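A quick write-up on the structure given underneath.
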Amino acid sequence: MNQQERLDYLVEQFKEDSVQYRDLETPADAEGKRRFLRSLMNVRMSKALPQRVLEIQDEYLRERNREKGIIKLSDVPTLADTGSRRPFADRLSVWQGDITRLAVDAIVNAANSQMLGCFVPMHTCIDNCIHTFAGVQLRAECSCRSPASSRMQQTDESAANQIRQRL
């Protein structure tokens, strides 16, 4: 299956999955379809999808990420590289750009305390970008770890304390 076939398949699967949007007309052009798929992914609540759909989604997103270009952390200058002499400057990097292009273990997004992303179709917020390019599994995982639970809040506080101790 090529990238265009994956896109067509995913648009139809996500439309079928959506009661509200299933009858919308699919755009004919590739860019319109990509935007439509992104919208369908952004408004989708956390629920199960067939494994085949997830596999094709993951293949599609891997290729989209390859097309956008992946940035390795080693390619991002540290603060020391920019002339800073502050403590830990050799271990801190600041990235300005599309964080979904970074090949890193984790990213930090302070925009949404629920961690569920934005549910507004095609809103250009970072939440939507993260949830689009990570795939629909991210919302499912985040809904299990929502900060609304005191256990998660305790974990967040513990993690913050560990980070402070390292600095």
Exercise. Quickly work out the residue 25-to-residue 82 label distance, labels modelled 7 Å from Cα along the C-beta direction, and quote it in nm with one decimal.
Key: 4.8 nm
Practice problem: Go through segment 31-45 residue by residue and turn each phi into a ³J(HN,Hα) via Karplus (6.51, -1.76, 1.60, θ = phi - 60°); whole Hz please, and just put x for glycine and proline. | Solution: 5, x, 5, 4, 5, 5, 4, 4, 4, 4, 5, 5, 8, 6, 6
Exercise. Please give the length that would be gained between residue 98 and residue 59 if that part of the chain were fully extended, namely 0.36 nm times their separation in residues minus their C-alpha to C-alpha distance (nm, one decimal).
Key: 12.0 nm
Quiz item: How far apart, in nm, are two points set 7 Å out from the Cα along the Cα-to-Cβ line at residue 90 and at residue 70?
Solution: 2.8 nm
Quiz item: Non-local amide H neighbours of residue 78 (under 5 Å, H modeled in plane, Pro and chain starts lacking H): which ones?
Solution: none
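Any read-out appearing in this document is the output of simple, stated calculations on the displayed coordinates, not a laboratory observation. These numbers were taken from a predicted model, which means no experiment stands behind them. When we count neighbours, we look across all protein chains shown, and the Cβ atoms used for this are built from the backbone with ideal geometry, even at glycine.
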